[in-house]
Amino acid sequence: MAAKIDTAEFRKGLKIEIDGVPWEIVEFQHVKPGKGSAFVRTRIKNLLTNNTIDKTFRSGDVVDAAECEEIECSFMYREGDNFNFMNQESYESFEVPGEAVGDAKNFLTENLKVSVLLHKGKAIAIELPNFIVAKITHCEPGVAGNTAQGATKNVTIETGYIVQVPLYISETDVLKIDTRDRSEEHTSELQSHHDL
């Protein structure tokens, strides 16, 4: 049976269950109005669909703790729409469906260490490390003489994802990419093979 959580215990990142669905608290605020009962205003994210909603709880309400567990895994390979991971503790391999992997698929390189979130034993989400290092598989040549401030070009990394980089980057370079903002124009620190 799931543990119970009082609204006084709410914190950012807490995983709760409402009507059998796991949610994560993204933001919360305890409100004590001049009149009436205190309440807690929250923004919660559905861990199955990634949709975010605003929900208000009365102060003192009790909700179920989500039966979630995070396991450290390494990415092995992709097979069709499924992704295969190996549990770092038990060394067992298992499949995660593409819908649970979501946008993380753009950054999964072989042997990458990730956290897999399980809800009642079923994989529902992948948490990437903050940075990944990826090889470039296709790179448009830089245009000689084009030194415009902030000019960029597209490169394709080994996962098939397209990233925007400065013009001086070549196909022999390796990119260090920040996975948190996942925006192509914010590719961070770049390194060559010999620097790794």
**Study point:** Eligible lysines near Lys153 by straight Cα distance, threshold 24 Å, same-chain separation 8 or greater
**Key:** Lys105, Lys135, Lys176
Review point. Ordering Glu17, Glu95, Glu110 from largest to smallest accessible area (1.4 angstrom probe), what's the sequence?
Key: Glu110, Glu95, Glu17
Practice item. Would you pull out the residues with amide H under 5 Å of Leu47's amide H, same chain only if 5 or more places away, H placed 1.01 Å from N? Key: Trp23, Glu24
Study note, to complete from the structure: If each K or R counts +1 and each D or E counts -1, the residues other than Leu112 whose Cβ falls under 14 Å of its Cβ total +1
Check your understanding: Under the definition of Cα pairs under 8 Å and six or more residues apart, what whole-number percent is the relative contact order of the chain?
Key -> 13 percent
Exercise for review: Report the full-extension gain for the segment Ser170 to Glu110: residue separation times 0.36 nm, less the Cα-Cα distance, to one decimal in nm.
Suggested key: 19.4 nm
**Study point:** Theoretical ellipticity at 222 nm over the chain - DSSP helices of four or more residues, -39500 (n - 2.57) apiece, nearest 500
**Key:** -500 deg cm²/dmol
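With an 8 Å Cα cut-off and a minimum separation of 6 or more residues, compute the relative contact order for segment 3-57 in percent.
So the answer I get is 27 percent.
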**Study point:** Protein-only accessible surface order, largest first, of Ser170, Ser59 at 1.4 Å
**Key:** Ser59, Ser170
Check your understanding: What does the charge add up to near Ala38, with Lys and Arg as +1, Asp and Glu as -1, over the other residues with Cβ less than 14 Å from its Cβ?
Key -> +2
Exercise for review: Please calculate how many Å² of accessible area segment 2-150 carries per residue, with a 1.4 Å probe and no DNA, RNA or ligand atoms counted.
Suggested key: 60 Å²
Review point. Could you name the lysines in cross-link range of Lys120, using Cα to Cα under 20 Å and dropping any fewer than eight places away on the same chain?
Key: Lys4, Lys15, Lys45
Practice item. Select one label from (i) 1, 7, 13, 14, 13, 12, 11, 9, 7, 5, 4, 2, 1, 0; (ii) 1, 9, 19, 24, 23, 17, 6, 1, 0; (iii) 1, 7, 14, 18, 17, 15, 12, 8, 5, 2, 0, 0: the one whose number is P(r) over Cα pairs in 5 Å bins from 0, in percent as derived from the coordinates shown. Key: (i)
Point to revise | Probe 1.4 Å, all protein chains present, accessible-area order of Glu24, Glu9, Glu99, largest first | key: Glu99, Glu9, Glu24
Practice item. State the percentage of accessible surface on the chain attributable to carbon and sulfur atoms; use a 1.4 Å probe and exclude ligands, DNA and RNA. Key: 46 percent
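The values are calculated or read from the model by the stated rules, or taken from the named source; none is laboratory data. Owing to the predicted nature of the structure, the values given are computational and were not obtained by experimental measurement. Methodologically, a virtual Cβ is constructed for each residue, glycine included, from the backbone with ideal geometry; neighbour enumeration extends over all protein chains shown. All accessible areas refer to the heavy atoms of the entire protein, side chains included, with ligands and DNA or RNA removed. Shrake-Rupley method; radii C 1.70, N 1.55, O 1.52, S 1.80 Å.
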